[in-house]
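Novice: I'd like to ask you about the structure that follows.
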Amino acid sequence: MVRCWKVSSPSPPERARSETTHPPGVHLRGLSVTIADTHRPALGFSILQDLPQGHPDIQREAGPPRTPSAHKKRSSGHSNLNRASPRLGFPGRKDGEESLRKEEKPQMEALKQDGHPPQDVAAPRPEQHRQREVGKPMWYLTRTTATLLVLQGLFIILFTAFIRYDEMADASHQGNNHEPILGGNIPEDNPAAFLNPQLTNMQMLVLVGVGLRLTFLREFSYSSVGLSLLVMAISLQWAILCVGFMSDTEVIYLSIHSLLVAGEVSISGSVSQGAVAGAASPLQLVLLTLFHVPLQTITARLSYLTFQAVDRGGSVSVHLFGAMYGVSARFALGSSGAAQRSRASATKTSQVTAFVGTMMLVVYLPSVWTWTTIGDDLHRALLNTFLTTVSAAVIAFPVSSIAHTRRKFSLRVLRCRVGVEDTAGVGVTHGLAGLMGGLLAVIMATMASETGSYGHSVYQIYPAMAPRAETQDLSEVTSYLVVAAGLGRRPILQAAYQLAAVLATATIALLGGLLSGLLLRLPLCERLTQDDLYNDGRFWQLPTLHPPPCHANTHAHGGAAPTRDQQHLPLTQEKAISA
């Protein structure tokens, strides 16, 4: 509540006050505003907050009484408003005690000696308290810092012990030590030459697309971008190890293909991050990533190797798994209060930044999974993905208008009304989209056959439908195309396995997310308090709110008046000035 009070000379005696009629002016007692003594040349105001219970609402002097002689002092070039409001830091007043009038200094000194701050000074916000904390010595490590140092050290040890370069990247390999005319490898045939753009697109999708999309949280922008980089870096290294440990080889061979496979896992981890953004501390997010990567790797191997389901675009193994895992983990972490949820609101600038991230997804999404296909399959994948993406962009506008109560376009993400909090709405944008893609794959499998539109190439798209080894059908097919022996599945059976992969992925992600979220509630995992939700202040060094000395001295010596941004006013006073 903002109240305006008059600043006037000392009150007259009680008898004189009762006999004096009010001069012309405005008296709005219902609004707690009194503007009187309009014949006086100097009027001022002061903004006060957090008044005691039972405090009178009117006719209260804002600070010590002003003497008439103080009102007569004028300075050319400054308005009465600037001269009568020293507490708000208006231009024309020096900062601190030196700017107070001589008669005010004794009372201010007495208040300080008693341990009571002046009532006009706005209480610092929690972020300001944290910024002024005493610095820690160099040897002091937080749990998050210690965990990251130990984790990266373990990655280096494991990479040194178990990982070797692939033959196309190994300098000691014989093919890389001879010219092509002497039997060496042809440099142009190296997969890094044509797969490097796909790796770059994948990184842009995670860091710029997903990272900027989370910046709609007005007080969580540092964590949105910074933690996206942290999650990608950890999941990429951890996925290379997990995929290698689950393979049949004794040594993990590192190639650009292994980086691309690990990149798909990092995309799934970024999707999970969107569900818990603002509700999980950096340490909790690191631990959630460490749980997510092996579970997602196991689920993908179950889908691809056991069920032999086809999921070229990662609709089920990446998007559906990441969304279900993140939403269930967010549910297990617990809900935030209404006051904290309001902090997750967005400003116009933050929504525009997040919309730029969404447009980056539209640009890079069609080319992320193209490395898994070749030839005409690659051509169709690019065409279908691009047209599907732009079609979805068109439909997003009418859907946002229909969802809005006043039928306006809205940049907010739709969220399911199931009582589960989801910061970035990944349950709809990734989970629902992944589920639709998985179910459409089931329908397409029922219509896939050799006599259909795909011809013999259907066995390249669905390898499990290829004829079994040492059969006449396989010999006939291999006379047209190079096809590996399959399981001889019929279309309806392949569709059943596609559906089983969808259900298994959703179930494992749901149970795994719930269990991981419950483990993250342990005190050692640095759980966030209600005041720390959707806030960067606890873990990030934020820009200071204190004004540079040159701003105050410039105007004191007759320079130009600083703007409101240059004054670096506290948030409470800035809101009051706007009011």
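Novice: Being in contact (Cβ under 8 Å) with a residue 60 or more places away in the chain, under 27 Å from Arg490 (Cα atoms) and among the charged types (D, E, K, R) is the filter here, so list the residues in the stretch 293-339 that pass it.
Specialist: Within the stretch 293-339, Asp311, Arg312 qualify.
Novice: Is one or more of the residues making up the stretch 214-236 open to solvent by 40 Å² or more (accessible area, probe 1.4 Å), of a type in the set (Gly, Ala, Ser), in contact (Cβ under 8 Å) with a residue 12 or more places away in the chain and under 30 Å from Leu542 (Cβ atoms)?
Specialist: Yes: one or more hits.
Novice: In addition: Can you pull out every residue in the stretch 349-381 that is β-branched (Val, Ile, Thr) and closer than 28 Å to Tyr459 by Cβ? Spell out the reasoning first.
Specialist: To start, the set of residues in the stretch 349-381 that are β-branched (Val, Ile, Thr) comprises 349, 352-353, 356, 358, 362-363, 368, 370, 372-374.
Listed by number, the residues that qualify are Val368, Thr370, Thr372, Thr373, Ile374.
Residue-wise test of (1) crowded, with 17+ Cβ neighbours inside 10 Å; (2) within 26 Å of Leu285 (Cβ to Cβ); (3) among the polar types (S, T, N, Q); (4) modelled with pLDDT of 95 or more.
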{"residue": "Gln498", "(1), (2), (3), (4)": "yes, no, yes, yes"}
{"residue": "Ala501", "(1), (2), (3), (4)": "yes, no, no, yes"}
{"residue": "Leu511", "(1), (2), (3), (4)": "no, yes, no, yes"}
{"residue": "Asp531", "(1), (2), (3), (4)": "no, yes, no, no"}
{"residue": "Thr544", "(1), (2), (3), (4)": "no, no, yes, no"}
{"residue": "His551", "(1), (2), (3), (4)": "yes, no, no, no"}
{"residue": "Gly559", "(1), (2), (3), (4)": "no, no, no, no"}
{"residue": "Pro562", "(1), (2), (3), (4)": "yes, no, no, no"}
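Novice: Quick check on Val482: is it loosely packed, with under 12 Cβ neighbours inside 10 Å, aliphatic (A, V, I, L, M) and closer than 28 Å to Gly314 by Cβ?
Specialist: Values: loosely packed, with under 12 Cβ neighbours inside 10 Å: yes; aliphatic (A, V, I, L, M): yes; closer than 28 Å to Gly314 by Cβ: yes.
So Val482 passes the test.
Novice: Tell me which residues, restricted to the stretch 159-206, are part of a loop (DSSP other than H, G, I, E, B), open to solvent by 60 Å² or more (accessible area, probe 1.4 Å) and among the hydrophobic types (A, V, I, L, M, F, W, C). Break it down into steps so the answer makes sense when it comes.
Specialist: We begin by selecting, within the stretch 159-206, every residue part of a loop (DSSP other than H, G, I, E, B); these are 166-173, 177-179, 183-186, 190-191.
Now narrow it down to the ones that are open to solvent by 60 Å² or more (accessible area, probe 1.4 Å): 167, 171-173, 177-179, 183, 186.
Within the stretch 159-206, Ala171, Ile186 meet the criteria.
Novice: For the stretch 284-299, give me the residue count where each residue is open to solvent by 20 Å² or more (accessible area, probe 1.4 Å) and closer than 16 Å to Val271 by Cα.
Specialist: Our first condition is that a residue be open to solvent by 20 Å² or more (accessible area, probe 1.4 Å); within the stretch 284-299, this holds for 287, 290-291, 294-295, 298.
Then keep just the ones that are closer than 16 Å to Val271 by Cα; that gives 287, 290-291, 294-295.
Residues that pass the stated criteria total 5.
Novice: Enumerate the helices (runs of 4 or more DSSP H) found wholly within the stretch 422-499, keeping only those where 1 or more residues are over 45 Å from the mean Cα position of the chain (by Cα).
Specialist: On the way: elements: 433-447, 458-461, 472-478.
By residue number, 472-478.
Novice: All but one of (1) part of a loop (DSSP other than H, G, I, E, B); (2) surrounded by 12 or more Cβ atoms within 10 Å (Cβ to Cβ) hold for Asp248; state the number of the condition that does not hold.
Specialist: The failed condition is (2).
Novice: Right, next: Quick one: in the stretch 517-529, which of the residues that are open to solvent by 10 Å² or more (accessible area, probe 1.4 Å), in contact (Cβ under 8 Å) with a residue 40 or more places away in the chain and not in a loop (DSSP other than H, G, I, E, B) is farthest from Phe291 (Cα to Cα)?
Specialist: Leu524
Novice: Can you name the residue in the stretch 456-479 that is hydroxyl-bearing (Ser, Thr, Tyr) and either modelled with pLDDT of 90 or more or surrounded by 19 or more Cβ atoms within 10 Å (Cβ to Cβ) (or both) and, of all such residues, is nearest to Ala300 (Cα to Cα)? I'd like the intermediate steps shown before the answer.
Specialist: Kept after step one, since they are hydroxyl-bearing (Ser, Thr, Tyr), are these residues of the stretch 456-479: 457, 459, 462, 471, 475, 478-479.
Subsequent filtering for residues that are either modelled with pLDDT of 90 or more or surrounded by 19 or more Cβ atoms within 10 Å (Cβ to Cβ) (or both) retains 459, 462.
On the way: Tyr459: 21, Tyr462: 16 Å.
Only one residue tops the list, namely Tyr462.
Novice: Output the qualifying pairs, or none if there are none: Cβ atoms under 7 angstrom, residues six or more apart or on different chains, first residue in the stretch 368-394 and farther than 20 Å from Ile267 by Cβ, second residue charged (D, E, K, R).
Specialist: Between residues of the stretch 368-394 that are farther than 20 Å from Ile267 by Cβ and residues that are charged (D, E, K, R), there is no close pair.
Novice: Follow-up. Which of (1) in contact with a Ser or Thr (Cβ under 8 Å, 6 or more places away or on another chain); (2) assigned to a helix (DSSP H, G or I); (3) open to solvent by less than 30 Å² (accessible area, probe 1.4 Å); (4) not basic (Lys, Arg) does Ala309 not meet, given it meets every other one?
Specialist: Ala309 satisfies every listed condition except (2).
Novice: For Ala279, work out the one condition from (1) part of a helix (DSSP H, G or I); (2) in contact (Cβ under 8 Å) with a residue 24 or more places away in the chain; (3) of a type in the set (Gly, Ala, Ser) it doesn't fulfil.
Specialist: In the conditions (1) part of a helix (DSSP H, G or I); (2) in contact (Cβ under 8 Å) with a residue 24 or more places away in the chain; (3) of a type in the set (Gly, Ala, Ser), Ala279 misses (1) alone.
Novice: Surrounded by fewer than 17 Cβ atoms within 10 Å (Cβ to Cβ) and either modelled with pLDDT of 80 or more or of a type outside the set (Ser, Thr, Tyr) (or both): is that true of Ala392 in this structure?
Specialist: Values: surrounded by fewer than 17 Cβ atoms within 10 Å (Cβ to Cβ): yes; either modelled with pLDDT of 80 or more or of a type outside the set (Ser, Thr, Tyr) (or both): yes.
Criteria met by Ala392.
Novice: Condition (residue is within 22 Å of the chain's Cα centre (by Cα) and among the basic types (Lys, Arg)) applied to the stretch 323-333: is it met by at least one residue?
Specialist: Our first condition is that a residue be within 22 Å of the chain's Cα centre (by Cα); within the stretch 323-333, this holds for 323-333.
Among the residues that remain, those that are also among the basic types (Lys, Arg) are: 330.
Looking through the stretch 323-333, at least one residue is within 22 Å of the chain's Cα centre (by Cα) and among the basic types (Lys, Arg).
The values are calculated or read from the model by the stated rules, or taken from the named source; none is laboratory data. Because the structure is a prediction, the values reported are computed rather than measured. Glycine also receives a Cβ, built like all others from the backbone with ideal geometry; neighbour counts cover every protein chain displayed. In case anyone asks, the SASA skips ligands and DNA or RNA and just uses the protein heavy atoms, side chains included. Shrake-Rupley method; radii C 1.70, N 1.55, O 1.52, S 1.80 Å.
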